[in-house]
Amino acid sequence: MSQQQQQITSFISTAKVDKLSAKNTNNAEESTFTEKTGDKQNITNPAKRLHSCLSSSSDHSFCIENELDEIKQSLKNVPKKSDLTEIVTEIFKQLSENLKKIKKEIMSEVKSEVDKLKTNYDSKISHLHDKLNTIEFENGNLLEKNASLHSDLRKMRDVVDENNKKATESVRLGNWNEQYSRKKNVKIYQLPENRNEDLPHSLLNELKNKVKLDINPSEIVAMHRIPGKEGSPRPILIKFLRMDTKITLLRKKKSINEALKVRIGDDITKLNQGLLNRLYQHDNIVSSWYFNGHVYGSDEEGTRHRFEIFDNIAKN
């Protein structure tokens, strides 16, 4: 190696060491370095280290210089902090714009759906409102009809109550009249029945012979048998002309029952007989009987009460 080349190599090494220690590049030194290196200026960004750097140790400083140039050139392509900040800011700006667009589109779709729902809701509400008005109108008509029906029902109840009172009174009076018409009648039960019997002569003769009761046939308006229980002799109904004759017969009622083996009683209407049966079955009634067109009963304290066919026995 010539003396001139050694001087150049020593100068380059000293300049590079100064650059590494100061971490700054001086433009004047770079221009001087360029002028002194001559044809080395055009070597930039080699892909690999030169063979001269590997073959000779005397060119080691020159190889370091080349590597430093390569590092310098590669560092020029590395983005700076300000560049990164600008890039990130730009990215966020674009993202913000995109988000605004997406938000606008979403809000537009939401508004469209809300409008559809509101329209559908308003339509249904309107339909329900119309139906409600119809129902209220019909309900008003029904209330008027109901009030009219209640008024008619009250009138009908009043009429029914009045008719019930009249019917009850009519039945009561009818029973009274029927019982009064039987006032002079008596019934004889369990008297043996013959196929060819001759009433009233046969019965009057028995009364005369066995009880010493002489009744004139002219005092008898009618005497005949009436329907009775199956398997038993039919009862005999006697209708007297005068009440005195009936009283005379009833005064010897006990003797007649024992002598003829019969049972004598008043001719009582069906309603009065039912009243007697209810009194007989009631727990608070000790005894019950019929006398002169009325039904009576006595309670456990011995108090006598008169009953009508429609009376509530439990409250008397």
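Bear in mind that the values in this text are calculations on the coordinates, not laboratory data. Note that the structure is predicted; figures quoted are calculated from it, not measured. Ideal geometry is used to build each Cβ from the backbone, glycine not excepted, and the neighbour counts take in all protein chains shown.
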Using R₀ = 41 Å, calculate the FRET efficiency as 1/(1 + (r/R₀)^6) where r is the Cβ-Cβ separation of ILE226 and ASN284; round to 0.05.
-> 0.75
Electrostatic dipole magnitude of segment 59-212 [Cβ: Lys, Arg +1; Asp, Glu -1; Cα centre; debye, to 20] = 2400 debye
Cα-based Rg and Dmax for segment 101-182, in Å, come out at 33.8, 114
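I want to verify the translational diffusion coefficient of segment 157-308 in µm²/s; compute it with Stokes-Einstein, Rh as the Kirkwood radius over Cα pairs, at 25 °C and 0.890 mPa s.
Values: Rh = 17.5 Å.
My calculation gives 140 µm²/s for D.
Just how many % of Cα pairs in segment 184-267 lie over 15 Å apart, if you round to the nearest whole percent?
Summing the P(r) tail past 15 Å for segment 184-267 gives 55 percent.
Across every pair of different alpha-carbon atoms, what Kirkwood hydrodynamic radius in Å does segment 268-316 reach? Don't skip to the answer; put the middle values down first.
Details: mean 1/r = 0.0940 Å⁻¹.
So the Kirkwood estimate lands at 10.6 Å.
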Between ARG242 and GLU206, what is the spin-label point distance in nm, taking each point 7 Å from the Cα along the Cα→C-beta axis?
-> 2.6 nm
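Take every Cα-Cα pair in segment 130-236 and report what % of them are more than 22 Å apart.
Details: 3633 of 5671 pairs.
Above the 22 Å cut-off, segment 130-236 has 64 percent of its Cα pairs.
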Take the Cα of ASN292, step 7 Å along the line toward its Cβ, and report every residue of segment 162-186 whose backbone nitrogen sits under 19 Å from that point.
-> 176-186
R0 of 45 Å, Cβ-Cβ distance LYS124-LYS81: FRET efficiency to nearest 0.05 | 0.15
